[in-house]
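The values are calculated or read from the model by the stated rules, or taken from the named source; none is laboratory data. What you are looking at is a predicted structure, and each value in this text was computed from that prediction instead of being measured. Note: ideal-geometry Cβ built from the backbone for every residue, glycine included; neighbour counts use all protein chains shown. Each accessible area value is taken on the protein alone, full model and side chains, heavy atoms only, with ligands, DNA and RNA left out. Shrake-Rupley method; radii C 1.70, N 1.55, O 1.52, S 1.80 Å.
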Amino acid sequence: MALTVSLVILAGIVVLVLLRTGYLRLWPGLAAVLFGFTLASTGIAPAINNAISSVAGWISQLG
């Protein structure tokens, strides 16, 4: 749970910085959010969660 919350906070900070610097516009950003919500309700969501957990585990072993 802690990893998920920190990953969400990190992603939120990255999106905020991209919006502020102009590299990400509002409408493409909203389209990406809607795509993410749609993707989360499909059958591939568990595979994506497992991949993120594997990468996070690999990163935690480095330090």
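Tabulated results
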read-out	value
Computed FRET value (nearest 0.05) for residue 34 with residue 55, which takes r as the C-beta separation and R₀ as 22 Å	0.35
Segment 14-63: translational diffusion in µm²/s, Stokes-Einstein, Kirkwood Rh over Cα pairs, 20 °C, 1.002 mPa s	166
Difference of contour (0.36 nm per residue) and Cα-Cα distance, residue 15 to residue 27	3.0 nm
Restricting the chain to chymotrypsin sites (Phe, Trp or Tyr not before Pro) in coil, as DSSP defines it, with at most 13 other Cβ within 10 Å	23
Protein accessible area in the chain, 1.4 Å probe - carbon and sulfur %	75
Computed [θ] at 222 nm, helices only, for the chain once each DSSP H run of length n ≥ 4 contributes -39500 (n - 2.57)	-28500 deg cm²/dmol
